[in-house]
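Asker: Before anything else, here's the structure in question.
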Amino acid sequence: MTEKPERWLVRKPAVASRGGVVATQHQAASEVGARVLAEGGNAVDAAIAASVALATVEPWMSGLGGGGYMLVRPAGEERTHAVSFGMVAPGALDPADYPLTGEAGADLFGWPAVLEDRNLRGPLAVAVPGQVAGLALAHERFGTWSWADLVAPACALAERGMEVDWHATVAIAASAPELASDAECAAAYLAGGFPLAAPWTGEAPRLRLGRLAETLRRLAEAGPADFYTGEIAAAIGADMAAMGGRLSAADLADYKATVEETPATRYRDARVRTAPGLTAGPTLIEVLDRLAASLDPGKAPGGEAYVAYAEALQAAYAERLRGMGAGSDAERASCTSHLGAADRDGTVVALTQTLLSPFGARVMLPQTGILMNNGIMWFDPRPGGPNSIAPGKRPLSNMCPVIVEFADGRRAALGASGGRRILPAVAQLLSFLVDFGMSLDDAAHCPRVNVDGSDLVEVDARLPAETLTMLEARFALAVRQHGVHPSAYACPNAVVWEPESGTAAGAAHVMSPNASVGAA
């Protein structure tokens, strides 16, 4: 049952500041957001600037060619807003383009295999990206800085080139065969046919991400509408047409992000705000309802708590997969970015964004350097289901940004990357904070279990032996190390704002070498 534990202990302390904090999956993006806060921007400004910067420093996770969800709890308001900018199937999509081969698929979701993996990679896997529209809508409704100033740091990062540290080398090498199939991806990421790697001593090399720097400069100067109706849109449409994709300039022109008040639920004495619609938000509410009835909070989570987590997640996932049309238990992870921001006044932001698979569709557009999503993979290629491939349709996703309002006035913004692992991580992190009164630092370092739709319960090897014994008596168990690569658990980032002290604190994913908190 158990694995021999590794002989090391990794800690990444939470960071606090009266000027606000930004927690992201890359230090450079966190620093960009923190500078915005330090220079007078609010949490939404900081989140937008950090979001765009992430496209230049961890492009395999998210970027201009993707989509996502942002929750905003403005200071001085009682409402929390959800900005939805998920991907949409192109209007000209033809389900006949995705014939089944009769074999098992190799994707994250366990769908039946499609001819030539057209739903996984290449131009037919690309859905309409909503990333820029979502950031633009958030900027319009809640931002204070100019759009150009928020995009400027990403322009500078892109012009400098992406640093290829050891973690980037691992990410590129893991997708090298797929990247090699696209000329632009190969040129950018596989210099001389191989992934770049830093020398044993000395500075890491840098690589140019196609024409992304020029595109970001155009986006900053012309504004976000250019991505959907201007020169950038025309370039995207032309490149996609030349590749044989279904995404068109007309699809971009028709795309609309939306903003609405978030769904809410009470959990103990806290109010939990979740993302709406085809996200993991509704399932999180079901998990919390079950925990409210089954979990008896104590001083610290013991075996009974982890059994309650596993039972609640198994039951909620069974309902989710029956009712919302998701895939089989082979959906294990995805490449996504989550960031949180809190400013000095108490505005908090939870933003989750994605390309879906590592490097999305493994398609980099020649005229723009934009790495495109493979959002069609979210759909079931079998016809007749609630989540089947269809033109103009939005798929089910696992993103789960959350804002928690505590009875004492504190506000927390939580979220994670990691496909189906996201929901279990967010639910347990929320419980650690609400049920057990943990500090953000303690919650970020506390071991978790993963239950994501199969009969298997994956447990962190750091859990005490008595907890493992209790879980083993109830579930099929697999003990996993909480390591860097491969990652057995989701990658959460979180921030908390405290009104009494006016202090914001942030915690970044402990096992990610690049995830960090920037403090203003």
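The values are calculated or read from the model by the stated rules, or taken from the named source; none is laboratory data. Worth saying up front: this structure is predicted, and the values here are computed from it rather than measured. Glycine also receives a Cβ, built like all others from the backbone with ideal geometry; neighbour counts cover every protein chain displayed.
Asker: Among the residues that make up the stretch 398-406, is at least one of them of a type outside the set (Ser, Thr, Tyr), surrounded by fewer than 24 Cβ atoms within 10 Å (Cβ to Cβ) and more than 18 Å from Gly340 (Cα to Cα)?
Answerer: no
Asker: I would also like to ask the following. For Ala171, are the conditions met, namely being touching a His at 6+ places or on another chain (Cβ under 9 Å), under 20 Å from Met372 (Cα atoms) and not β-branched (Val, Ile, Thr)?
Answerer: Criteria met by Ala171.
Asker: Separate question: If Thr215 satisfies every condition in (1) modelled with pLDDT of 95 or more; (2) in contact with a Ser or Thr (Cβ under 6 Å, 6 or more places away or on another chain); (3) outside any helix (DSSP H, G or I) but one, which is the exception?
Answerer: Here Thr215 meets the rest and fails (3).
Asker: Moving on to the next point. Look at the stretch 415-455 and say how many of its residues are more than 26 Å from Met61 (Cβ to Cβ) and either surrounded by fewer than 22 Cβ atoms within 10 Å (Cβ to Cβ) or not hydroxyl-bearing (Ser, Thr, Tyr) (or both).
Answerer: 8
Asker: Pick out, from the stretch 405-520, the strands (runs of 3 or more DSSP E) lying fully within it that include 2 or more residues that are under 30 Å from Arg18 (Cβ atoms) and not β-branched (Val, Ile, Thr).
Answerer: 411-417, 491-498, 503-507, 516-519
Asker: Same structure again: Taking the stretch 28-41 only, how many residues are surrounded by fewer than 24 Cβ atoms within 10 Å (Cβ to Cβ) and more than 20 Å from the chain's Cα centre (by Cα)?
Answerer: Residues in the stretch 28-41 being surrounded by fewer than 24 Cβ atoms within 10 Å (Cβ to Cβ) and more than 20 Å from the chain's Cα centre (by Cα): 4 in total.
Asker: Select from the stretch 181-193 the residues that are touching a Leu at 6+ places or on another chain (Cβ under 8 Å) and closer than 21 Å to Arg118 by Cα and write down the one among them that is surrounded by the fewest Cβ atoms within 10 Å (Cβ to Cβ).
Answerer: The qualifying residue surrounded by the fewest Cβ atoms within 10 Å (Cβ to Cβ) is Ala186.
Asker: Starting from residues that are more than 22 Å from Pro486 (Cα to Cα) and in a loop (DSSP other than H, G, I, E, B), keep the ones in the stretch 181-200 and report whichever is modelled with the lowest pLDDT.
Answerer: Among them, the one singled out is Trp200.
Asker: Does Arg448 qualify as being of a type in the set (Lys, Arg), farther than 30 Å from Asp251 by Cα and under 19 Å from the mean Cα position of the chain (by Cα)?
Answerer: Taking the combined requirement at face value, the residue satisfies it.
Asker: Taking interchain pairs and intrachain pairs at least six residues apart, which have beta carbon atoms under 6 angstrom, with the first residue in the stretch 395-418 and farther than 17 Å from Ser84 by Cα and the second aromatic (Phe, Trp, Tyr) and not in a loop (DSSP other than H, G, I, E, B)?
Answerer: These pairs meet every condition: Arg411/Trp497.
Asker: Out of Gly63, Gly33, Gly68, report the one residue that is within 29 Å of Glu163 (Cα to Cα), touching a residue at least 40 places away in the same chain (Cβ under 8 Å) and assigned to a strand (DSSP E or B).
Answerer: Of the residues listed, the single one that is within 29 Å of Glu163 (Cα to Cα), touching a residue at least 40 places away in the same chain (Cβ under 8 Å) and assigned to a strand (DSSP E or B) is Gly68.
Asker: Let me ask you something else. Identify all residues within the stretch 340-390 that are over 22 Å from Asn493 (Cα atoms), outside any strand (DSSP E or B) and of a type in the set (Ser, Thr, Tyr); write none if there are none.
Answerer: The answer is Thr368, and nothing else.
Asker: Do the conditions hold for Tyr69, that is, is it of a type in the set (Ser, Thr, Tyr), within 18 Å of the chain's Cα centre (by Cα) and more than 17 Å from Ala504 (Cβ to Cβ)?
Answerer: Yes, satisfied.
Asker: Scan the stretch 171-180 residue by residue and report those that are assigned to a helix (DSSP H, G or I), surrounded by 15 or more Cβ atoms within 10 Å (Cβ to Cβ) and not charged (D, E, K, R).
Answerer: Of everything in the stretch 171-180, those that are assigned to a helix (DSSP H, G or I), surrounded by 15 or more Cβ atoms within 10 Å (Cβ to Cβ) and not charged (D, E, K, R) turn out to be Ala171, Ile172, Ala173, Ala174, Ala176, Leu179.
Asker: Continuing with this model, one more query. Can you pull out the residues in the stretch 272-284 that are surrounded by fewer than 19 Cβ atoms within 10 Å (Cβ to Cβ) and under 20 Å from Asn450 (Cβ atoms)?
Answerer: Hits for the stretch 272-284: nothing passes.
Asker: Would you point out the residue of the stretch 341-380, among those that are surrounded by fewer than 24 Cβ atoms within 10 Å (Cβ to Cβ) and modelled with pLDDT under 95, that is nearest to Tyr255 (Cα to Cα)?
Answerer: Asp380
Asker: I've got another one for you. Is the stretch 462-485 home to any residue that is among the acidic types (Asp, Glu) and crowded, with 18+ Cβ neighbours inside 10 Å?
Answerer: There is no residue in the stretch 462-485 that is among the acidic types (Asp, Glu) and crowded, with 18+ Cβ neighbours inside 10 Å.
Asker: Next up: Listed residues Val72, Val52, Val114; which is of a type in the set (Val, Ile, Thr) and more than 30 Å from Gly346 (Cα to Cα)?
Answerer: Step by step, each of Val72, Val52, Val114 is checked, and only Val114 is of a type in the set (Val, Ile, Thr) and more than 30 Å from Gly346 (Cα to Cα).
Asker: Right, next: Could you say which residue among Gly161, Gly130, Gly134 is over 30 Å from Val72 (Cα atoms) and in contact (Cβ under 8 Å) with a residue 40 or more places away in the chain?
Answerer: It is Gly161.
Asker: Among the residues of the stretch 461-520, what is the count of those that are in contact with an Asp or Glu (Cβ under 6 Å, 6 or more places away or on another chain), closer than 30 Å to Thr347 by Cβ and of a type in the set (Val, Ile, Thr)?
Answerer: 0
Asker: Separate question: For Tyr267, are the conditions met, namely being in contact (Cβ under 8 Å) with a residue 60 or more places away in the chain, touching a helix residue (DSSP H, G or I) at 6+ places or on another chain (Cβ under 8 Å) and either of a type in the set (A, V, I, L, M, F, W, C) or under 13 Å from Val132 (Cα atoms) (or both)?
Answerer: So Tyr267 does not fit the description; no.
Asker: Within the stretch 63-89, which residues are within 30 Å of Ile172 (Cβ to Cβ) and touching a helix residue (DSSP H, G or I) at 6+ places or on another chain (Cβ under 6 Å)?
Answerer: Residues satisfying the conditions are Gly63, Leu64, Gly66, Gly67, Met70, Phe85, Met87.
Residue-wise test of (1) closer than 30 Å to Ala43 by Cα; (2) among the polar types (S, T, N, Q); (3) touching a His at 6+ places or on another chain (Cβ under 9 Å); (4) buried (at least 23 other Cβ atoms within 10 Å of the Cβ).
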position: Glu77; (1), (2), (3), (4): yes, no, no, no
position: Asp94; (1), (2), (3), (4): no, no, no, no
position: Asp97; (1), (2), (3), (4): no, no, no, no
position: Glu103; (1), (2), (3), (4): no, no, no, no
position: Gly110; (1), (2), (3), (4): no, no, no, no
position: Leu115; (1), (2), (3), (4): no, no, no, no
position: Gly122; (1), (2), (3), (4): no, no, no, no
position: Val126; (1), (2), (3), (4): no, no, no, yes
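Asker: Any residue at all in the stretch 325-340 that's surrounded by 16 or more Cβ atoms within 10 Å (Cβ to Cβ), modelled with pLDDT of 95 or more and of a type outside the set (Gly, Ala, Ser)?
Answerer: Checking the stretch 325-340: at least one residue is surrounded by 16 or more Cβ atoms within 10 Å (Cβ to Cβ), modelled with pLDDT of 95 or more and of a type outside the set (Gly, Ala, Ser).
Asker: Oh, and also: Considering only the stretch 157-170, I want to know if a residue exists there that is assigned to a helix (DSSP H, G or I), among the polar types (S, T, N, Q) and out of contact with any helix residue (DSSP H, G or I) (no Cβ under 8 Å at 6 or more places or on another chain).
Answerer: yes
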